[in-house]
Amino acid sequence: MPVPTIPTNFQPFSTTPRISQRHTPATATTISLSLGISQHHSPGNRLSNSQLHSPSTSAPRYNLSPAVSSGGTTTQQHLQATHNTTTTSQHLHQSTTHTTPAPSPSTSTATPTTSSTSQHISQAPSISQYPAHSRYNTAQFYRMAEGIMTKAFIKGSWVEGSGGTFPVTDPATGEEIAKVADCTVQDVNTAIEAASVATETWRLKSVKERAAVLLKVREELLKDKERIATLLTRENGKPLGESMGEVGFAASFFEWFAEEARRQYGETIPSAVPTKRMITIRQPVGVAALITPWNFPIGMIGRKVSAALAAGCTCIIKPAEDTPLTALAFVRACERAGVPAGVVNVVPCSRARVQEVGAALCDSPKVQILSFTGSTGVGQWLYSRCGSTMKKISMELGGNAPFIVFPTAKLDQAIPGAMASKFRNTGQTCVTANRIFVHESIHDAFVSGLEAAMTKELKMGRGLEAGVTQGPIINQRQYDRLDKMVKESVAAGATVVRGGMSCGGLFYPPTLLTGVKPNMPIAQQEIFGPVAAILKFKTEEEVIRLANTTDRGLAGYFYSNDLGQVWRVAEALEVGMVGVNEPMVSTCEAPFGGFKLSGFGKEGSKHGLDEYSNLKYICFGI
Ligand code: ADP
């Protein structure tokens, strides 16, 4: 790994980890699921570092038991975006320290050898290149993490936040890993001013000059990929292989938009009268405010910043409070790449300040575009708040994707597809399969195949451990929301085939629910967790109606080998993106974005560049 230059103002991680105050102390309650198992439930009790690393700890809540790899092909090429993955499997099983009867240990979840080529997220290296265990144990991580940025970056300088700092924690352990600058409205206004001044020079650079800077950013991201990915896994919890893929994904947009910027053509318009000539040109919008989520902490930033910079805009990034360190590492790569001062600024802030910081970005007439990725509720609030300044807006909001399996589907495609769509990032993606509709004729075969794949391929644990595919839920708020949704759906009649109960800390087990009805919370809301909800259907007409009976319209997937049906269903689904016999649709070359309450505007593709430019018409009298 290349050793990055360490700037003077970095704050190394604390070497005395503390448990964050964010975490609710364990409170044991007993829940009954439809399987009839009475289960001890401790939502606030996280796995500690030592519990995760030391199977022999005297009274751990869970043991991590190494198991032996076996041969076979899995869906891990999708889940981890790795090449030639060989993993050692571990599985979580309940200890006998419960005060209420514990279920029997889970069956082995040995992860077989995977030999695959990642088609979807670029160039993630093989997990097998790493030693099987703990290359990134805590001590090594701290050494590796030296130079991690924790301050805000405004006008080319790393600065304190006027609001002090806020803690960032590892969701797998609850350990505080850094304190980050808490920016206030005052800091945001300084950043807006800096971006506004920088626009005047950045917009005048030739597209070739801008493209050269973008390519340099890509290079810096890829050079620092391993370190950024490790950081991402620490603060987000996702498996390291996925984090590596995500850094590559972010970098791919810099290459794409460096190329696209040079092809942002205008038009000549044939004139109806001989005395006029008409053309259009594209011009940068100006200052872009970019508010980003925690589930893809660098992917979403990379996708927005690359397009903004390519178009000639400058930007202010407001990263999610759960994952600011990755955003700061990203900006450090921009700094090393020679992005001029003021062109990229980042203003992290605590959850307590997001509303005032968001309002400042919306209200400023100097901000000409707001691009947001996050929940629909927040998106609606930001949208209405931008009315007074009439700025351009791009919204990537929540989804409720249907995943339909028709009778002609090949189950050996549909089941790996469902695994990849559902369990990537522990189900915490807006394009994940939210409602899995399976035709009644193949329902039972699909369910048993999916259950077998889940048992065989999914391994829960800390994202830095080799072979882990399922990390923790990001925070207690999201965890409680998920837990409530499952409990309410079970109470309403859904059947738990697998999982469905708390496993301590923020770890939620991969869960399979059948008998789900369209009116249950699990079908109506965005799940954002590792829960596969299966609904049965009879006819194409019925399933299209059900699939579209939602106010969300981000992604939709279906598996069918009936050519006529493929066309009909692809056209009928009210979503911005359709995967036909394909679970992974997001790539720099294609337009990402939704319909209905899933938002508007496109990211990636040639259309992504247009979001950050104004179309100007010029008429010449001759
Ligand atoms: P989630 O519920 O998954 O955390 P959010 O939509 O709340 O999703 O968060 C996505 C991003 O929006 C984060 O960067 C978060 O800080 C930010 N955010 C949340 N509320 C507001 C708000 N009122 N104004 C501006 N940004 C906000």
Considering only C-alpha atoms, what is the centroid distance from the stretch 445-498 to the stretch 258-321, in Å?
39 Å
Convex hull volume per residue in cubic angstrom - Cα atoms of the stretch 241-393
150 Å³
Cα shape, the stretch 185-269, gyration tensor, a/c 1.5 rule:
oblate
Under unit Cβ charges (Lys, Arg +1; Asp, Glu -1), what dipole magnitude, rounded to 20 debye, does the stretch 507-551 have relative to its Cα centre?
200 debye
To the nearest Å, what is the center-to-center distance of the stretch 548-620 and the stretch 406-422, using C-alpha atoms only?
21 Å
Kirkwood Rh (inverse of mean 1/r, distinct Cα pairs), the stretch 312-463, angstrom:
18.9 Å
Over the Cα atoms of the stretch 531-622, how large are the radius of gyration and the largest Cα-Cα distance (Dmax), in Å?
17.6, 67
Could you work out the local net charge near Thr539, counting Lys and Arg as +1, Asp and Glu as -1, over the other residues with Cβ closer than 14 Å to its Cβ?
-1
Computed for the stretch 246-286: size of charge dipole around the Cα centre, +1 on C-beta of each Lys and Arg, -1 on C-beta of each Asp and Glu, debye to nearest 20, value 440 debye
Could you compute how fast the stretch 462-575 diffuses translationally, taking Rh as the Kirkwood radius over C-alpha pairs and applying Stokes-Einstein at 20 °C with viscosity 1.002 mPa s? Give it in µm² per second.
135 µm²/s
Could you name the lysines whose alpha carbon sits less than 23 Å from that of Lys606, not counting residues in the same chain fewer than 8 places away?
Lys205, Lys208, Lys216, Lys304, Lys391, Lys392, Lys596, Lys616
Find which of Ala272, Ala258, Ser306 sits farthest along the positive direction of the dipole of the stretch 255-400, computed with +1 on the beta-carbon of Lys and Arg, -1 on that of Asp and Glu, about the Cα centre.
Ala272
Sequence neighbours fewer than 8 away in the same chain don't count; with that in mind, list the lysines whose C-alpha is under 20 Å from Lys151.
Lys179, Lys318
Distant-in-sequence amide H partners of Tyr559 (H built 1.01 Å from N, under 5 Å)
Ile404, Val405, Phe406, Asn581
Packing-ranked peptide list from 363-370, 269-276, 487-494, 523-530, highest mean Cβ count within 10 angstrom first, is 523-530, 363-370, 487-494, 269-276
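What is the extension gain from Asp363 to Cys619, computed as 0.36 nm multiplied by their sequence separation minus the C-alpha to C-alpha distance, in nm to one decimal?
In short, 88.8 nm is gained.
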Given the protein chains as shown and a 1.4 Å probe, how many square angstrom of Val497 are accessible, to the nearest 10?
40 Å²
So, taking all protein chains as they sit and a 1.4 Å probe, how much accessible area belongs to Val569, in Å² rounded to tens?
0 Å²
Would you pull out the residues with amide H under 5 Å of Leu535's amide H, same chain only if 5 or more places away, H placed 1.01 Å from N?
Ile436, Phe437, Val438
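Roughly how big is the stretch 242-352's charge dipole about its Cα centre, with Cβ charges of +1 (Lys, Arg) and -1 (Asp, Glu), in debye to the nearest 20?
Around 480 debye, computed over the stretch 242-352.
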Any idea how many Lys pairs in the stretch 443-542 come in under 25 angstrom at the alpha carbon, given 8 or more places apart or on separate chains?
9
Spelling it out for Ser598: with amide H atoms placed in the peptide plane at 1.01 Å from N, the residues 5 or more places away or on another chain with amide H under 5 Å from its amide H are Gly553
Along principal axes, largest first, the alpha-carbon spread of the stretch 564-615 in whole Å comes out as 39, 22, 17
How large is Rg over Rh for the stretch 266-329, taking Rg from the Cα atoms and Rh as the Kirkwood inverse mean of 1/r across Cα pairs?
1.31
What figure in square angstrom, to the nearest 10, would you give for the accessible area of Asp444 with a 1.4 Å probe?
110 Å²
Convex hull per residue volume in Å³, alpha carbons only, for the stretch 533-586
93 Å³
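The values are calculated or read from the model by the stated rules, or taken from the named source; none is laboratory data. What you see is a predicted model, and the numbers here were worked out from it, not measured in a lab. In this analysis, Cβ positions are derived from the backbone assuming ideal geometry, glycine residues included, and neighbour counts consider all displayed protein chains. Note: accessible area is taken over every heavy atom of the protein model, side chains too, but ligands, DNA and RNA are not part of it. Shrake-Rupley method; radii C 1.70, N 1.55, O 1.52, S 1.80 Å.
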